Amino acid sequence: MNYGLEGRTALVCASSKGLGRACAEALAEEGVSLVLVARGPDALEGTAHDIRQRWGVQVTAVAADITEPQGRARALGAASGHALGTAGAFDIVVTNAGGPPAGDFRDWDTGVWQAALNANMLTPIELMRATIDGMSARGWGRIVNITSTAVKAPSPYLGLSNGARAGLTGFVAGLARQVAPTGVTINNLLPGTFATDRLAGNLVAGARQAGMEHEAYVDMRRQAIPARRFGDAAEFGAACAFLCSRQAAYITGQNLLIDGGAYPGTF
Ligand code: NAP
């Protein structure tokens, strides 16, 4: 299937590793030029180099914190490196950032909440605010927000994620309908459990908390998923590329779980 994305330009946030990188790779495979953003320059440059080598697309690496206004300004300004001019020139925006910490809500003051809301709700909204009118004016655009399974199945210890991402989800449900007449789609991808660096860290902490041997704990987590395995980031990236495709033009305002069947509901 030809996704019709050749020559498009995408901003992929938090993309030196994990799910963001997988989205960038899947888009590169479709011939999309990329602006990649992450804070650590070494991993970011390495990823940008790998993608250029493998798919021959134009890749601009911006070492910046996407949750800060200056970082966003630098990332959005990098569209000019693609000879398209301004932030409004992005055809595709994949929003992503690190997830908030786990913990007990009794320990979280408003500063902690504001940081989570900033990273996982307001940052994606600011990125959409900067890019959506350009997409609408050109009659084509794709926004994919990386959220979490926590939106549908909140985890008791991830209250910051549950709250901030649910807020984003509610906002997007309205905005997606508002911009649909202009050819812009907005969808959210909800990862279940994917084998990324973040998961590796969470598993170490989880085993410690459960008082279990690491391997036994990891196996228990795997067995709790109907597919009996963790997700491969490339599977996530493939779903992102599809949502950006011309074939997905009639899919908007949706929340797509990618979790090996872990969410037990009918809908
Ligand atoms: P990961 O493997 O740890 O990768 C995170 C990426 O984001 C890295 O490239 C990191 O680079 C970058 N990043 C983090 N904070 C950033 C910031 N403020 N500005 C710019 N770049 C930033 O994580 P992941 O597993 O791909 O997770 C991605 C998102 O999905 C997170 O929000 C996570 O909570 C959510 N999620 C993941 C899973 C899962 O199973 N993996 C499940 C549910 C939800 P630098 O550190 O160098 O900036």
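The values are calculated or read from the model by the stated rules, or taken from the named source; none is laboratory data. Only a predicted model underlies this, so the values are computations on that prediction, with no experimental measurement involved. All Cβ positions, glycine included, derive from the backbone under ideal geometry; neighbour counts span all protein chains shown. Surface areas here come from the heavy atoms of the whole protein model, side chains and all, with no ligands, DNA or RNA. Shrake-Rupley method; radii C 1.70, N 1.55, O 1.52, S 1.80 Å.
Computed from backbone phi, the HN-Hα couplings of the stretch 183-195 come to x, 9, 10, 10, 9, 10, 9, 10, x, x, 10, 10, 6 Hz, rounded to whole numbers (Karplus: 6.51 cos²θ - 1.76 cosθ + 1.60, θ = phi - 60°; Gly and Pro given as x). Backbone amide hydrogens, once placed in the peptide plane, bring residue 65 within less than 5 Å of 71, excluding anything fewer than 5 places away on its chain.
A simple rule links phi to the HN-Hα coupling: the Karplus curve 6.51 cos²θ - 1.76 cosθ + 1.60 with θ = phi - 60°, which for the stretch 172-180 gives 5, 4, x, 4, 4, 6, 5, 9, 3 Hz, with x for Gly and Pro. Across the stretch 225-231, coupling constants 3J(HN,Hα) worked out from phi with the 6.51/-1.76/1.60 Karplus curve, θ = phi - 60°, read 9, x, 6, 6, 7, 7, x Hz, and Gly and Pro carry x. Scanning residues 5 or more positions from residue 257 or on other chains, those with amide H under 5 Å from its amide H are 190, with H placed 1.01 Å from N in the peptide plane. For residue 99, neighbours were defined as the other residues whose beta-carbon sits under 11 Å from its Cβ, and their charges (Lys and Arg +1, Asp and Glu -1) total +2. A simple spin-label model places pseudo-atoms 7 Å from Cα toward Cβ; at residue 262 and residue 153 they are separated by 0.7 nm.
The charge dipole of the chain, taken about its Cα centre with unit charges on the Cβ atoms of Lys, Arg (+1), Asp and Glu (-1) only, comes to about 440 debye.
Note on the chain: the alpha carbon radius of gyration divided by the globular reference 2.2 N^0.38 Å gives 0.98.
Stretched out straight at 0.36 nm per residue, the stretch from residue 254 to residue 1 would grow longer than its current Cα-Cα span by 88.9 nm.
Of the residues 228, 39, 72, the one with the largest accessible area comes first in the ranking 39, 228, 72, computed with a 1.4 Å probe on protein heavy atoms. Dividing the summed -39500 (n - 2.57) terms of all DSSP H runs of n ≥ 4 by the residue count of the chain sets its mean residue ellipticity at 222 nm at -14000 deg cm²/dmol. Between residue 224 and residue 177, the modelled labels are 3.5 nm apart [label points 7 Å from Cα along Cα→Cβ]. Seen against the Cα atoms of the chain and their longest principal axis, helix 41-55 is set at about 60 degrees. Accessible area ranking (1.4 Å probe, heavy atoms, ligands and nucleic acids excluded), largest first, for 220, 128: 220, 128.
Under 5 Å from the amide H of residue 145 lie the amide H atoms of 95, 187, 188, 189, each residue being 5 or more positions distant or on a separate chain, with H modelled from the backbone and absent for Pro and chain starts.
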